[in-house]
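J.: After the structure tokens below, expect a handful of questions from me.
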Amino acid sequence: MRVFISGATGFVGSNLINFLNSPGSTYTIYGTSFPQKSAPGEKNIFFMDIRSEEDVFRVIKEIKPLWIFHLAAISNVKYSWGNKKETLETNVLGTFYLFEAVREFSPQSRFLFVSSSDVYGAGCPDEEALEEKDSFNVVNPYAFSKVSGELLSKFYIQSEGLDIVIVRPFTHTGPGQSPDFVCSDWARQIAQIEKGLAKPVIKVGNLEAERDYTSVSDVVRAYTLLMQKGKRGEVYNVCSGKFLSLKKILDILLSFSSLSIEVQVDPEKLRKADIPRLVGSNIKIYKDTSWRPEIPLEKSLFDLLEYWRQR
């Protein structure tokens with residue numbers, strides 16, 4: 001089975017490749033890398049800017065995959081504020097090019113469009129988990145781009161007959177995550193302090209925000225199950241159904257270190273518009289695929305810190 005992963009060398013993409021390459025795998029995996037060139041020896045990885053219509057068409061025409069996981073995106077909220085044009089070109093125009101290439105050259109493909117829990121914005125009811133039927137509430141350029149991608153998906157499902165499933169992952173973490181994201185940023189700072197490369201002070205942003213965390217390993221398992229069992233045209237949350245404050249996340253990470261580390265709020269790490277709480281319901285994905293998260297958050301955070309310690 002030919003599988004294509006846009007953004008294959010990113011955090012989630014590399015974990016997805018490892019999951020699909022488990023013993024007994026029958027997948028032939030293709031993917032894209034950008035802006036980094038693929039490493040020497042990496043098989044079937046194309047250097048491709050998804051903003052290039054010509055490149056997208058060429059790759060899909062050549063591969064004609066049965067499954068497409070669309071992961072390539074500008075995914076950092078803070079970056080999206082300062083780079084709105086690049087965010088829209090990558091996340092919206094790039095998605096449009098990919099849909100058009102599939103329509104033209106590979107209409108039999110099953111397509112997983114990866115949206116985001118950010119589309120819900122600050123719409124989380126008190127003590128209630130967000131469901132897929134809840135309204136959009138856009139509060140940043142990244143969320144706007146993902147809402148646009150979902151609307152494009154619906155158009156290509158209804159008007160062009162494509163087989164698309166939409167997934168809204170909530171916050172996830174694990175080894176290999178970029179330090180542009182909060183858990184990895186903190187783990188990296190702790191590892192630097194332990195090595196004597198920085199003063200025993202960790203710089204943080206808003207610790208009051210509450211998030212629904214899962215392990216990246218659970219997330220890629222969910223994506224694969226949705227390819228196998230998800231219903232065409234449906235939207236699925238991928239989440240734990242529980243939330244923790246970022247202060248609690250930080251406390252867990254600090255508990256893994258024997259050092260006494262001071263915590264300081266850095267105004268540079270505060271978002272222009274933050275979402276107080278994001279917690280989702282995973283009832284729908286469980287009903288259709290039997291997926292539930294299996295890896296404790298503490299293990300994901302410990303493994304993430306070990307990843308940075310080794311570097």
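J.: Report, by residue number, each residue of region 174-192 that is in contact with a Ser or Thr (Cβ under 8 Å, 6 or more places away or on another chain) and open to solvent by 10 Å² or more (accessible area, probe 1.4 Å).
T.: Hits for region 174-192 are 176, 177, 178, 181.
J.: Before we move on, is residue 87 surrounded by 15 or more Cβ atoms within 10 Å (Cβ to Cβ) and out of contact with any Pro (no Cβ under 8 Å at 6 or more places or on another chain)?
T.: It is false that residue 87 is surrounded by 15 or more Cβ atoms within 10 Å (Cβ to Cβ) and out of contact with any Pro (no Cβ under 8 Å at 6 or more places or on another chain).
J.: With respect to residue 154, is the statement that it is at pLDDT 95 or above, among the basic types (Lys, Arg) and under 18 Å from residue 212 (Cβ atoms) true?
T.: Answer is no for this residue.
J.: Of everything in region 91-114 that's over 26 Å from residue 181 (Cβ atoms) and among the hydrophobic types (A, V, I, L, M, F, W, C), which residue is surrounded by the fewest Cβ atoms within 10 Å (Cβ to Cβ)?
T.: 105
J.: A further question follows. Mind checking which residues of region 56-90 are touching a helix residue (DSSP H, G or I) at 6+ places or on another chain (Cβ under 6 Å), more than 30 Å from residue 182 (Cα to Cα) and among the hydrophobic types (A, V, I, L, M, F, W, C)?
T.: Scanning region 56-90 gives 56, 57, 60, 67.
J.: Need at least 2 residues that are closer than 26 Å to residue 228 by Cβ and modelled with pLDDT of 95 or more per element, so show me which strands (runs of 3 or more DSSP E) inside region 17-129 make the cut, counting only ones lying wholly within it.
T.: In region 17-129, the matching strands (runs of 3 or more DSSP E) lie at 28-33, 67-70, 110-114.
J.: For region 270-284, indicate whether the set of residues that are in a helix (DSSP H, G or I), out of contact with any Ser or Thr (no Cβ under 7 Å at 6 or more places or on another chain) and surrounded by 20 or more Cβ atoms within 10 Å (Cβ to Cβ) is non-empty.
T.: No; the residues of region 270-284 include none that is in a helix (DSSP H, G or I), out of contact with any Ser or Thr (no Cβ under 7 Å at 6 or more places or on another chain) and surrounded by 20 or more Cβ atoms within 10 Å (Cβ to Cβ).
J.: While we're looking at this one, here's another question. How about region 288-302: which of its residues are open to solvent by 50 Å² or more (accessible area, probe 1.4 Å) and out of contact with any strand residue (DSSP E or B) (no Cβ under 6 Å at 6 or more places or on another chain)?
T.: 290, 292, 294, 296, 298, 299, 302
J.: Scan region 204-220 and tell me whether some residue there is of a type in the set (S, T, N, Q), closer than 23 Å to residue 78 by Cα and within 20 Å of the chain's Cα centre (by Cα).
T.: yes
J.: How about region 73-102: which of its residues are in contact with a Phe, Trp or Tyr (Cβ under 9 Å, 6 or more places away or on another chain), among the charged types (D, E, K, R) and under 25 Å from residue 160 (Cβ atoms)?
T.: Within region 73-102, 100 is the sole residue that qualifies.
J.: Residues being over 19 Å from residue 255 (Cα atoms), among the charged types (D, E, K, R) and in a helix (DSSP H, G or I): count how many of those fall in region 287-311.
T.: 2
J.: Specify which of the listed residues (170, 136) is without any contact (Cβ under 8 Å) to a residue 60 or more places away in the chain, among the hydrophobic types (A, V, I, L, M, F, W, C) and either touching a Gly at 6+ places or on another chain (Cβ under 9 Å) or crowded, with 18+ Cβ neighbours inside 10 Å (or both).
T.: Of the residues listed, the single one that is without any contact (Cβ under 8 Å) to a residue 60 or more places away in the chain, among the hydrophobic types (A, V, I, L, M, F, W, C) and either touching a Gly at 6+ places or on another chain (Cβ under 9 Å) or crowded, with 18+ Cβ neighbours inside 10 Å (or both) is 136.
J.: For region 58-72, which residues satisfy the criterion of being more than 18 Å from residue 163 (Cα to Cα) and open to solvent by less than 50 Å² (accessible area, probe 1.4 Å)?
T.: 59, 72
J.: So residue 76 ticks every box in (1) at positive phi; (2) surrounded by 14 or more Cβ atoms within 10 Å (Cβ to Cβ); (3) not aromatic (Phe, Trp, Tyr) but one. Which box is left unticked?
T.: For residue 76, the failing item is (1).
J.: Residue check: is residue 260 over 21 Å from the mean Cα position of the chain (by Cα), under 22 Å from residue 187 (Cα atoms) and either free of Cβ contacts under 8 Å to residues at least 60 places away in the same chain or not in a helix (DSSP H, G or I) (or both)?
T.: Taking the combined requirement at face value, the residue satisfies it.
The values are calculated or read from the model by the stated rules, or taken from the named source; none is laboratory data. The model shown is predicted, which means the values in this text are computed figures rather than measured ones. FYI the Cβ positions are ideal-geometry reconstructions off the backbone, even for glycines, and counts take in every protein chain you see. SASA here: full protein model, heavy atoms, side chains in, ligands and nucleic acids out. Shrake-Rupley method; radii C 1.70, N 1.55, O 1.52, S 1.80 Å.
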